[in-house]
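Everything below concerns the one structure shown next.
The values are calculated or read from the model by the stated rules, or taken from the named source; none is laboratory data. Bear in mind that the values here come from a model prediction, so they are computed numbers and not experimental data. Cβ coordinates were reconstructed from backbone atoms using ideal geometry, including for glycine residues, and neighbour counts include every protein chain displayed. Side chains included, ligands, DNA and RNA excluded: accessible areas come from the protein's heavy atoms. Shrake-Rupley method; radii C 1.70, N 1.55, O 1.52, S 1.80 Å.
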Amino acid sequence: MPNQKFLKKLTDISVLFGFFLTPLLFFTQAHDQFELPKVTFLTLLALPPLVLEFREKSFQKSGLLSLLILFFFATQCVACLPAVSLSWITSLWGDYENFAGLSTLLTYLIWYFVFVRLLNQQRIEKIFYFISLTAFFSSLYAIAQHFQFDFIQWNPESVNATREFAALGNPNFLSAYIAMSLPLFLTLAFDHRGETVSKPVFTPLYSLLLLLGIGFLFLATAKGQLFFHLDPSMNFSFVTRTIGLFCFSLFCIHAGRLELLPVKILVISVLMLGLLSTASRGGFLGAFLGLFLWCFLAFQNKEWKEKLKQQWLLVSKTKLLIGVGVLSLFLGIFGWSFIQRLLNSLLHISQSLAVSRLSIWLPALTMIKTHPLLGVGLDTFKIAFPYYSGIQFNQIDGLFTSSRMAHNELLQIAATSGLLGLTSYLLMVGSFAFWGWKACQKSSSHDRLVLIAVLSSGLAYQIQNLFSFGVASLNFVWFFLLAVVTYFNNRSQNTETYSKPSFLSSYFHKLIIAALLLFIILFPLSRVAADIAFGRGDVYSSAIKNPDPQTSLDALTYYSDDEIHYNQRAANLFPWDLKFSLYLGQSYEQRAGLDKLRPQDWYQNALFFYQKVSRMSPANAYYYNDQGRVYTALSGYDRQYDEKAQQAYAQAVHFSPSSPYFILNWATSLEKTGKDEEAQQQVQKAFSIDPTFTAKILAQMAFEAYKGGDKTKAFRYVNEAAQGNTLSAEAFYCRGILYLSEKEKKKALADFRYVKSLPLDPYKDASIQHLDDLIQESQR
């Protein structure tokens, strides 16, 4: 059947494309440029295998590991139930930026069973190669980023001056991918079955492909366009980048098939340089332990070790020493930032953990103790975290942030799906190691080396995930590794791979496949389309928040119209993602500040969407704070909203009890309803949590009250700030400004001189400006 052959060929291409392109994929038109495009790409790629599966007339017998994977999936389904999850919609679709909900896990599960059906010896080695090739390309991209040769003008928030991320979105993810690929490449490079090939690398055709690849990739960078005086455009960069990647890929595929030692050394060197460019301690540890396991197990094979020794004797020792010396020098220079970071971490390990992970892990443990059996809900860690976090995390990462993940896979699973989910995950990982090792003992010399690479890569993944978390590029490889173990274990047991289903089981099987096909067709692309609209709306929102001083009110109103239009489109295209509705509410709230004729209508629209997302995620403190802010604005027109504002802020404090900002907002609303004593208690509570931030917020509130004409309230706020934190330069600076505005120059001078005398350098505070000029003005 030609259709059947076509589908099988398309399935093979889909599998290889999935491994080759997923880590390299990004989409700048979407607001989330990395994870959402990768997850969507993998989901859509599952279409051909599912269609093929729909046409098959046999079932795959998968074994115990598959049952344990299904058990793990079942526990994650339980963690999505409304009675369990803090937000079942978030658990189903995944929190924005993570996209680690049940729908994404289902994509990985589909691919696992696709692998189980399709894998054979040749495909496994081919996938090893494409994973290694992608890691090689990603490492080259990271090196190019290090030297400012980048294809994309990334969001400044995504860029770290000393840590590279290629197209994976985060240095930790890049390091994890390289760490997982290293054992796979070593098995390909030093497999004892490999034969020496005399075919030259730099034939005229492939030399031309190499030059064209490098040339077009250079043209895709800003430096390349500047060098040739070209006008940069998105389409030009995309075309040149695509041509360059295609030509360079063809050359690497040609060169990578050779058993030449220089090629092997070059690839390993680039991978190590890419790993160092990330400066990721978890990735380095994962790579080290993965390579250690590979070497320890591989060198127990005497036949392979002997043939490797014979190849080693053919290498010129002089050239090897020169190569190692140059490489070591380059590694020392290029990886100096990582080496410094690693040494500093080892010498000050407790301090390093305190500022990076302990402030997340300890609240995660508390979360697990509070919800031990089923957890707080799949991918709802970010929602629950403010309730358990305390102030330590916010003092490090900022007072308006919540940790999106536990940065430890075991803690993440236990916190979100309970000890039941953790047990199922540990059974899955333990079964992977046990059956992998068991199959390894029964396999031939070559197959044993393949399984050693799989086990080593899996170890690198698990070690890295003790300090980070999995994303699409990593999890896709992880489920492939699981499938490889299943394949070898089934083969070693000589079990019947396929069986003919009964009519009932066949009907049920086709029904499930049809449902999965319908899901893939309807949802992934609509989510990407919604995110594109959301990204465009965010551009207009930024223009309104940070307007050019010469921008007219009419222009801002025009921006607001477009912002509302695009956010409304995003919310309509994919109403199950809370962030789209949340930002639609914020766009209406922004419009209320621009429209002086009917702001109440815009505030009511904003309130509607804030209430909507609160119903979808009823434990999110930030959503209640948004409601309280709108109620406070509406109270200027109708005093009945004061009580509602107080209730909303109280809910925000309930779900984030260690946020001084939420507490001060609640205190302000309590004052408006005549509950002064309770308000003062909350202010004191805020000072006990974080006196620096509390004084800063009170000073800002004093400025706002003074601008609004309430001088009494303004001085009360600033006095509370100065009394609550006598080392707050901003509090005394603010009070000095207010005194100066009231022509009380002596009091202003005293405050300004006090600010200058503080042991902390007040000039480093961006909010304190022209202090010396103000002192001179107060002395006149």
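The listed residues are 86, 102, 109, and the only one of them that is at pLDDT 90 or above and in contact with a Cys (Cβ under 8 Å, 6 or more places away or on another chain) turns out to be 102. The single residue among 520, 532, 544, 513 that is closer than 25 Å to residue 53 by Cβ, modelled with pLDDT of 80 or more, within 31 Å of the chain's Cα centre (by Cα) and crowded, with 16+ Cβ neighbours inside 10 Å turns out to be 520. The single condition among (1) over 20 Å from residue 587 (Cα atoms); (2) charged (D, E, K, R); (3) open to solvent by 70 Å² or more (accessible area, probe 1.4 Å); (4) part of a helix (DSSP H, G or I) that residue 629 does not satisfy is (1).
Residue 131 satisfies every condition listed in (1) part of a helix (DSSP H, G or I); (2) more than 28 Å from residue 171 (Cβ to Cβ) except (2). Taking into account only those residues within segment 155-191 that are open to solvent by 20 Å² or more (accessible area, probe 1.4 Å) and of a type in the set (Phe, Trp, Tyr), which is modelled with the highest pLDDT? Only one residue fits best here, namely 185.
Within segment 598-645, the set of residues being over 18 Å from residue 567 (Cβ atoms) and either among the hydrophobic types (A, V, I, L, M, F, W, C) or touching a strand residue (DSSP E or B) at 6+ places or on another chain (Cβ under 6 Å) (or both) comprises 619, 621, 633, 634, 645. Any residue in segment 705-722 that is under 39 Å from the mean Cα position of the chain (by Cα), of a type in the set (S, T, N, Q) and open to solvent by 40 Å² or more (accessible area, probe 1.4 Å)? Within segment 705-722, none of the residues are under 39 Å from the mean Cα position of the chain (by Cα), of a type in the set (S, T, N, Q) and open to solvent by 40 Å² or more (accessible area, probe 1.4 Å).
Checking each residue in segment 402-423 for being touching a helix residue (DSSP H, G or I) at 6+ places or on another chain (Cβ under 7 Å), of a type in the set (Ser, Thr, Tyr) and surrounded by fewer than 23 Cβ atoms within 10 Å (Cβ to Cβ) picks out 402, 403. For residue 672, the conditions (1) at pLDDT below 90; (2) over 27 Å from residue 602 (Cβ atoms); (3) not polar (S, T, N, Q) are fulfilled apart from (2).
Annotation: residue 692 fulfils all but one of (1) at pLDDT below 90; (2) open to solvent by 30 Å² or more (accessible area, probe 1.4 Å); (3) more than 25 Å from residue 388 (Cα to Cα); the unmet one is (3).
Within segment 632-639, does at least one residue satisfy the condition of being acidic (Asp, Glu) and open to solvent by 20 Å² or more (accessible area, probe 1.4 Å)?
yes
Quick one: is residue 613 on the phi < 0 side of the Ramachandran plot, surrounded by fewer than 22 Cβ atoms within 10 Å (Cβ to Cβ) and under 25 Å from the mean Cα position of the chain (by Cα)?
Working: on the phi < 0 side of the Ramachandran plot: yes; surrounded by fewer than 22 Cβ atoms within 10 Å (Cβ to Cβ): no; under 25 Å from the mean Cα position of the chain (by Cα): yes.
So residue 613 fails the test.
When the residues of segment 596-610 are filtered to those that are open to solvent by 50 Å² or more (accessible area, probe 1.4 Å) and not charged (D, E, K, R), the one that is nearest to residue 554 (Cα to Cα) is 597.
For segment 372-401, residues that are buried (at least 21 other Cβ atoms within 10 Å of the Cβ), over 28 Å from residue 687 (Cα atoms) and not aliphatic (A, V, I, L, M) total 4. Of all the residues in segment 65-102, those that are open to solvent by less than 50 Å² (accessible area, probe 1.4 Å) and acidic (Asp, Glu) number 1.
When segment 552-574 is examined, which residues are found to be assigned to a loop (DSSP other than H, G, I, E, B) and open to solvent by 40 Å² or more (accessible area, probe 1.4 Å)?
552 - this is the single residue of segment 552-574 that is assigned to a loop (DSSP other than H, G, I, E, B) and open to solvent by 40 Å² or more (accessible area, probe 1.4 Å).
Out of 17, 27, 59, report the one residue that is in contact with a His (Cβ under 8 Å, 6 or more places away or on another chain), surrounded by fewer than 21 Cβ atoms within 10 Å (Cβ to Cβ) and modelled with pLDDT under 95.
Details: 17 fails: in contact with a His (Cβ under 8 Å, 6 or more places away or on another chain); 27 fails: in contact with a His (Cβ under 8 Å, 6 or more places away or on another chain).
Of the residues listed, the single one that is in contact with a His (Cβ under 8 Å, 6 or more places away or on another chain), surrounded by fewer than 21 Cβ atoms within 10 Å (Cβ to Cβ) and modelled with pLDDT under 95 is 59.
Assessment of segment 286-308 against the conditions (modelled with pLDDT of 85 or more, farther than 18 Å from residue 188 by Cβ, in contact with a helix residue (DSSP H, G or I) (Cβ under 8 Å, 6 or more places away or on another chain) and buried (at least 18 other Cβ atoms within 10 Å of the Cβ)) yields at least one matching residue.
Annotation note: of 700, 681, the sole residue that is within 29 Å of residue 579 (Cα to Cα), free of Cβ contacts under 8 Å to residues at least 60 places away in the same chain and part of a helix (DSSP H, G or I) is 700. Within segment 754-780, the set of residues being in contact with a helix residue (DSSP H, G or I) (Cβ under 7 Å, 6 or more places away or on another chain), at pLDDT below 70 and open to solvent by less than 90 Å² (accessible area, probe 1.4 Å) comprises 762, 765, 767.
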